[in-house]
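Input: a single structure, listed below in structure tokens.
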Amino acid sequence: MKVTINAAMTADGKIATKIRDSKISSDQDLKRVHKLRSSVDAIIVGISTVLADDPRLTVRLTKNKGKDPVRIIVDSTGRIPLNSRILQTASKIKTIVAVTKRASNSIIQKIKKSGAMVIIVGTYSVDLKKLFSILEKKGYKKILVEGGGELNWSLLHLGIVNEVIITVAPMIVGGRNATTLVEGGGYDKISEGIKMELRNILRQNNNELVLHYKLLQKNIIH
Ligand SMILES: NC(=O)c1ccc[n+]([C@@H]2O[C@H](COP(=O)([O-])OP(=O)(O)OC[C@H]3O[C@@H](n4cnc5c(N)ncnc54)[C@H](OP(=O)(O)O)[C@@H]3O)[C@@H](O)[C@H]2O)c1
């Protein structure tokens, strides 16, 4: 299984502003992301990203569209709104909501009614190791992680990620409460940090850089 994080951040490492504005990518970069989406089996996001952005997570801005990837939402208690774009299209595009035992049966039934599949994994937060082994058994070979910072941390920390693609926009937005590329608990020491190798640099029209890293640590899924 190949797991890729893709995110757009400002030069000061923010993936959204303090009021959760996250429109960082240029049109050129969005086209690159949609092409990347068209090459994967599934896209996974955290519930806070759905609540902030109401994304569709479909393939739109590319010619060779093909089939939309399966959409997976990591959502312990089933907070995903029934009127979100994802659930509104769940009868047409395969959608999985991964919840925990904290999600009530009535919420699970409502989510299922939208057409989405519900997987119960974990007690407090979604057990990502278990979820990814279920996804592997389902035959999903390429998974694209589209944030946010909390989900990025959990997956990186568990050693589930193989590569990280970061678009760096030439701007600074600051804000101590603005979401960064990787949130979570973090490491105490730089030496504990997750080591990566820079594989490619792409410079786009408007001085955006796309940095393509491969993780040097072993991937537990293999
Ligand atoms: N620029 C970009 O490329 C980009 C991409 C994506 C998102 N964003 C921005 O990022 C922001 C959201 O990021 P975020 O860091 O706040 O949240 P997030 O990663 O989208 O979602 C985190 C939430 O997922 C749920 N969760 C359940 N199990 C989890 C687990 N094992 N590990 C991690 N999360 C788990 C938790 O909520 P529950 O306890 O309720 O389940 C947790 O609070 C938004 O403003 C969005 O616009 C930007």
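The values are calculated or read from the model by the stated rules, or taken from the named source; none is laboratory data. Just so it is clear, the model here is predicted, and its values are computed rather than measured. A quick note on method: Cβ atoms are made from the backbone with ideal geometry, for glycine too, and the neighbour counts reach across all protein chains shown. For the accessible areas, the whole protein counts, side chains as well, though only heavy atoms, and no ligand, DNA or RNA atoms are used. Shrake-Rupley method; radii C 1.70, N 1.55, O 1.52, S 1.80 Å.
Values computed for the structure shown
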quantity: Scan of the range 146-156 for residues that are of a type outside the set (Phe, Trp, Tyr) and near the ligand (Cβ under 9 Å from one of its atoms), ordered by number; calculated: Glu146, Gly147, Gly148, Gly149, Glu150, Leu151, Asn152, Ser154, Leu155
quantity: Matching residues in the range 27-69 - criterion: being charged (D, E, K, R), under 17 Å from Ile166 (Cβ atoms) and in contact with a strand residue (DSSP E or B) (Cβ under 9 Å, 6 or more places away or on another chain); calculated: Asp29, Arg32, Arg37
quantity: Residue that is polar (S, T, N, Q), within 16 Å of the ligand (Cβ to nearest atom) and more than 20 Å from Ala16 (Cα to Cα), where the choices are Thr49, Thr58, Thr89; calculated: Thr58
quantity: Output for the range 53-91, where each listed residue is open to solvent by less than 50 Å² (accessible area, probe 1.4 Å) and outside any loop (DSSP other than H, G, I, E, B); calculated: Val70, Arg71, Ile72, Ile73, Val74, Ile86, Leu87
quantity: Residue count, the range 109-137 (criterion: without any contact (Cβ under 8 Å) to a residue 24 or more places away in the chain, assigned to a loop (DSSP other than H, G, I, E, B) and among the hydrophobic types (A, V, I, L, M, F, W, C)); calculated: 1
quantity: Criterion: open to solvent by 30 Å² or more (accessible area, probe 1.4 Å), farther than 20 Å from Lys2 by Cα and not hydrophobic (A, V, I, L, M, F, W, C) - qualifying residue of Lys189, Lys195, Lys214; calculated: Lys189
quantity: Failed criterion for Ile172 (all others in (1) β-branched (Val, Ile, Thr); (2) closer than 30 Å to Ala11 by Cα; (3) within 12 Å of the ligand (Cβ to nearest atom) hold); calculated: (3)
quantity: The one condition in (1) in a loop (DSSP other than H, G, I, E, B); (2) within 18 Å of the chain's Cα centre (by Cα) that Ile172 fails to fulfil; calculated: (2)
quantity: Selection count where residues are within 10 Å of the ligand (Cβ to nearest atom), open to solvent by less than 70 Å² (accessible area, probe 1.4 Å) and farther than 20 Å from Met1 by Cα, scope the range 17-45; calculated: 5
